[in-house]
DNA sequence: CGGATTTCGAGAGCACTGCTCTCGGTTCGT
DNA sequence: ACGAACCGAGAGCAGTGCTCTCGAAATCCG
């Protein structure tokens, strides 16, 4: 831990770069993220930042991981603020935390869940970890509800064909969560549906002016329906 | 209609530009769309294409409208191939048509339903028309099912607050379709959820290798659940 | 038919981007 | 104290969007 001055300076510069990068991301969007502009704001010539960041793509990866962490923190914080609430209530908190964060950080949200930036492929080894935090929280919520008998498990549907069964087994293994196939299918739908609702709102599919404050109300009703699909009673 | 040779040449050049633009979009993605590259493929110097297209953004709008039309045609074609089928069946056809098109044209799909291209704002007067074709088809499907008593209408939930009620009324007016609030809420969820599922698959949220052929099977199950949320029996 | 007008493509040019390279100066480990 | 590692500046290359001018061709109109 004997950090030399040079090491501390380097860490400081790295932090400055990501901070400025986050600002530019929020202000101009992902595809307009420019290393030269970051360098200008840093008060340094463009080639200097290449000492710290190998390429524009690496800066994007940095901001990607940063964004996943930020979103994960926000959701975890919101859930921690309602520790003993019923699972349906916690599901509402979970969903609204995602929506609130996405509306506060639309550019970062777009980087995480929008169209992939052309020519950029996120290195899986660095991004899958923080990237799966949110869906893991959702699956854990479902598992907790199931354990508390708060989940209305549907009549088992037709068994999954081998390929799909392997996918389910992979998910159970990756997350270390034992959920029956039907709950897993519903959980994935809830996951995708929730982000579909948020994306439509953030990306402007609901018209140029969006939904404004009524979006929260509509979103709650959508969460109720999604919770219903999962077998979770969200609202009396 | 007396098309002069010059007019025909201009129309031909415009068609060439959109054709090459579509190719580049599919090959390199939206943000990498370059007017200069299009000009090169057209065998012409870059400034020449500015005679036909005011800016890169206008080319994007051209391709945007083109994409909406293409998707709308694909879905309409698929639905037309199953004219007398029960509404649940038609809903499955509807969903899979969207998914199939999105997987075949991921870059165009990303342009329509992914994160908005930075700095680019689609002119509403040109894009809302073709852009609402798909959701209109979904609402018409729901209305047809309702008229045929094939929709299990849920017990009316709490009445919408004034702001949200105005949103619903606006949708009913815009599409000229009379649907009760609760069906409208479910329909919007189905819309967003469906595109959420497709986006997750196309944008690679299901891991680097995606779901492969099992995606269709899983998607069908998700459509069943979404249809259920709408009150539509999709599969016996 | 012939002059006036419009249209068009070519080319130069500006400001910007990502990225590489070299060249000095500072700091570090030994 | 000295060689090695590190770091910032600057030049440079190839690419981008977009603007401007200029000459040639096509069109319109008297």
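The values are calculated or read from the model by the stated rules, or taken from the named source; none is laboratory data. What you are looking at is a predicted structure, and each value in this text was computed from that prediction instead of being measured. So basically every Cβ, Gly included, is an ideal-geometry build from the backbone, and we count neighbours across all protein chains shown.
Looking only at the stretch B:86-93, decide whether some residue is more than 14 Å from chain A (Cβ to nearest Cβ), within 16 Å of DNA strand C (Cβ to nearest atom) and touching a residue at least 12 places away in the same chain (Cβ under 8 Å).
Within the stretch B:86-93 (the criterion being more than 14 Å from chain A (Cβ to nearest Cβ), within 16 Å of DNA strand C (Cβ to nearest atom) and touching a residue at least 12 places away in the same chain (Cβ under 8 Å)), the answer is no, since none of the residues qualifies.
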Single unsatisfied condition, residue B:45 versus (1) closer than 30 Å to residue B:227 by Cβ; (2) over 24 Å from the mean Cα position of the chain (by Cα): (1)
Lone unmet requirement of (1) touching a residue at least 24 places away in the same chain (Cβ under 8 Å); (2) crowded, with 18+ Cβ neighbours inside 10 Å for residue B:200: (1)
Extreme residue, farthest from residue B:165 (Cα to Cα), among residues of the stretch A:219-235 that are surrounded by fewer than 21 Cβ atoms within 10 Å (Cβ to Cβ) and more than 9 Å from chain B (Cβ to nearest Cβ): A:231
Subset of the stretch B:195-218 [in a helix (DSSP H, G or I), farther than 21 Å from residue A:202 by Cβ and at the interface with chain A (Cβ under 7 Å from one of its Cβ atoms)]: B:214, B:217, B:218
Restricting the stretch B:14-35 to residues that are away from chain A (no Cβ under 14 Å) and crowded, with 17+ Cβ neighbours inside 10 Å, the residue that is nearest to DNA strand D (Cβ to nearest atom): B:35
Enumeration of residues in the stretch A:29-66 that are part of a helix (DSSP H, G or I), more than 8 Å from DNA strand C (Cβ to nearest atom) and touching a residue at least 40 places away in the same chain (Cβ under 8 Å): A:60, A:61, A:62, A:63, A:64, A:65, A:66
Test: residue A:116 is surrounded by 13 or more Cβ atoms within 10 Å (Cβ to Cβ), facing another protein chain (nearest Cβ under 10 Å), within 19 Å of the chain's Cα centre (by Cα) and modelled with pLDDT of 90 or more: no
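Right, residue B:63: surrounded by 18 or more Cβ atoms within 10 Å (Cβ to Cβ) and near DNA strand D (Cβ under 8 Å from one of its atoms) or not?
no
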Scope the stretch B:36-55; condition near DNA strand D (Cβ under 6 Å from one of its atoms) and more than 14 Å from chain A (Cβ to nearest Cβ); matching residues: B:36, B:46, B:47, B:50, B:55
Condition broken by residue A:177, with the remaining ones in (1) at the interface with another protein chain (Cβ under 9 Å from one of its Cβ atoms); (2) surrounded by fewer than 20 Cβ atoms within 10 Å (Cβ to Cβ) satisfied: (1)
The listed residue being modelled with pLDDT of 95 or more, assigned by TED's automatic domain parsing to the domain that holds residue A:11 and surrounded by 18 or more Cβ atoms within 10 Å (Cβ to Cβ), out of A:38, A:75, A:44: A:38
Residues satisfying the stated conditions in the stretch A:154-170, i.e. surrounded by 14 or more Cβ atoms within 10 Å (Cβ to Cβ) and either closer than 22 Å to residue A:234 by Cα or at pLDDT below 90 (or both): A:154
Checklist (1) under 30 Å from residue B:127 (Cβ atoms); (2) more than 9 Å from every other protein chain (Cβ to nearest Cβ); (3) touching a residue at least 60 places away in the same chain (Cβ under 8 Å) applied to residue A:133, failing item: (1)
Subset of the stretch B:155-174 (residues that are more than 8 Å from chain A (Cβ to nearest Cβ) and in contact (Cβ under 8 Å) with a residue 12 or more places away in the chain): B:156, B:159, B:165, B:168, B:171, B:172, B:174
Number of the condition not met by residue A:69 [criteria: (1) free of Cβ contacts under 8 Å to residues at least 60 places away in the same chain; (2) assigned to a helix (DSSP H, G or I); (3) more than 15 Å from DNA strand D (Cβ to nearest atom)]: (1)
